[in-house]
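Everything below concerns the one structure shown next.
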Amino acid sequence: MRILFVGDVFATPGMKAAMSFIADRREDHDLVVVNGENAAGGFGITRRHFEQLIGAGADVVTLGNHSFDQGETLEMLEESTRLLRPANLPVGTPGAGHSVVHTRSGERVVVVQVLGRIFMDPVDDPFRTMDEVLELAPPDVPVVVDFHAEATSEKKVMLHHLAGRVALLIGTHTHVQTADETVYKGTAYITDVGMTGVQGSSIGMRYEDVFHRLVTKLPRRYRPAEGQATVCAVSVEISGTRAASIQRLWAPQPRDSAVEAGGS
Ligand SMILES: [Fe+2]
Ligand SMILES: [Fe+2]
């Protein structure tokens, strides 16, 4: 089984790039997981963006700390098991943080997202949450984890905690791809898969808007950067419940993608 994981899709340039990239590689993969927390101009995801990603060939879309930036996402989370918010949010939060999905060939895979707690808003313990999810997970089914976290140290400790217990542990949220992909005790790992968006930016936003806020402390609306987007992803080969190999992908996309994406 081969799984494609696409990193945080950021605004319209990221959507265009992601859709074209996924459509091109859909046939080579049994399951496609996409982090879509920044699809809507950097802030969450709308129904249109979600449907476009699914239409392009994504099987599951994960979110993150921007899960609820768009009001309609609450309803979407109740409607679809293909859209996941973090599992370690307070009891009673709408939607699910993990689900069992089927690949095209009918094999089952567990997909889960957890949020980190270092330099982020307080949430439940992601390590204990993962233990609980794995206890509930059907045996002999590969597990894909999106660990949406800021701190490298926390991500590496999660690798220590989950090595040999999950097939993929993919870091998201920091938007800068790291070059440390590895397979450790059967777990494919990367500290951060990177952002699918305009790399010449402040993690997706225009430099000048972020600079203004940093040097003046005055509020200014952040606008997504425009231009050519690069897809950041990993492709992982799975044997049974263990990863056999991980390939890190950095794929600049043509500026005028043939696939139309929704506005930001
Ligand atoms: Fe993100
Ligand atoms: Fe995030």
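The values are calculated or read from the model by the stated rules, or taken from the named source; none is laboratory data. Just so you know, these numbers come straight off a predicted model, no measurement behind them. Quick reminder, even Gly has a Cβ in these numbers, built from the backbone with ideal geometry, and neighbours come from all protein chains shown. For accessibility, only protein heavy atoms count, side chains too; no ligands or nucleic acids. Shrake-Rupley method; radii C 1.70, N 1.55, O 1.52, S 1.80 Å.
Observations on the structure shown:
- Filter pass, ALA96 being hydrophobic (A, V, I, L, M, F, W, C), within 16 Å of ligand 2 (Cβ to nearest atom), within 16 Å of the chain's Cα centre (by Cα) and in a loop (DSSP other than H, G, I, E, B): no
- Some residue of the stretch 27-36 being open to solvent by less than 10 Å² (accessible area, probe 1.4 Å), more than 16 Å from ligand 2 (Cβ to nearest atom) and of a type outside the set (Lys, Arg): yes
- For the stretch 24-50, a residue qualifies if it is within 16 Å of ligand 1 (Cβ to nearest atom) and in a loop (DSSP other than H, G, I, E, B), and the qualifying residues are GLY36, GLU37, ASN38, ALA39, ALA40, GLY41, GLY42, PHE43, GLY44, ILE45, THR46.
- Residue among THR103, THR81, THR93 that is away from ligand 1 (no atom under 16 Å from the Cβ) and modelled with pLDDT under 95: THR81
- In the stretch 7-22, the qualifying residues are those that are under 17 Å from HIS66 (Cα atoms) and not hydroxyl-bearing (Ser, Thr, Tyr), and the one that is surrounded by the fewest Cβ atoms within 10 Å (Cβ to Cβ) is ALA11.
- Matching residues, the stretch 65-84, being surrounded by fewer than 23 Cβ atoms within 10 Å (Cβ to Cβ) and within 16 Å of ligand 2 (Cβ to nearest atom): ASN65, HIS66, PHE68, ASP69, GLN70
- Selection status of GLU237, open to solvent by 40 Å² or more (accessible area, probe 1.4 Å) and within 30 Å of PHE127 (Cα to Cα): yes
Residue-by-condition table, conditions (1) charged (D, E, K, R); (2) under 23 Å from ASP24 (Cα atoms); (3) within 18 Å of the chain's Cα centre (by Cα):
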| site | (1), (2), (3) |
| --- | --- |
| HIS148 | no, no, yes |
| LEU159 | no, no, yes |
| LEU169 | no, no, yes |
| THR178 | no, no, yes |
| GLN199 | no, yes, yes |
| GLY227 | no, yes, no |
| VAL236 | no, yes, yes |
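- ILE54 satisfies every condition listed in (1) within 23 Å of ASP28 (Cβ to Cβ); (2) aliphatic (A, V, I, L, M); (3) open to solvent by less than 40 Å² (accessible area, probe 1.4 Å) except (3).
- Evaluation of LEU53 against (1) under 20 Å from MET205 (Cβ atoms); (2) in a helix (DSSP H, G or I); (3) within 16 Å of ligand 1 (Cβ to nearest atom) (one fails), failing number: (1)
- Subset of the stretch 152-171 (residues that are within 15 Å of ligand 1 (Cβ to nearest atom) and farther than 17 Å from VAL183 by Cα): none
- Residues that are crowded, with 18+ Cβ neighbours inside 10 Å, of a type outside the set (D, E, K, R) and within 16 Å of ligand 2 (Cβ to nearest atom) within the stretch 148-189 comprise HIS148, ALA149, MET158, ILE170, GLY171, THR172, HIS173, THR174, HIS175, GLN177, listed in sequence order.
- Hits in the stretch 60-84 (condition: part of a loop (DSSP other than H, G, I, E, B) and over 12 Å from the mean Cα position of the chain (by Cα)): PHE68, ASP69, GLN70, GLY71, GLU72, SER80, THR81, ARG82
- Consider the stretch 133-147 and keep the residues that are open to solvent by less than 80 Å² (accessible area, probe 1.4 Å) and assigned to a loop (DSSP other than H, G, I, E, B). The one that is nearest to ILE246 (Cα to Cα) is PRO142.
- Total residues in the stretch 117-132 satisfying the condition of being touching a residue at least 24 places away in the same chain (Cβ under 8 Å), out of contact with any Lys or Arg (no Cβ under 7 Å at 6 or more places or on another chain) and either open to solvent by less than 10 Å² (accessible area, probe 1.4 Å) or assigned to a loop (DSSP other than H, G, I, E, B) (or both): the figure is 8.
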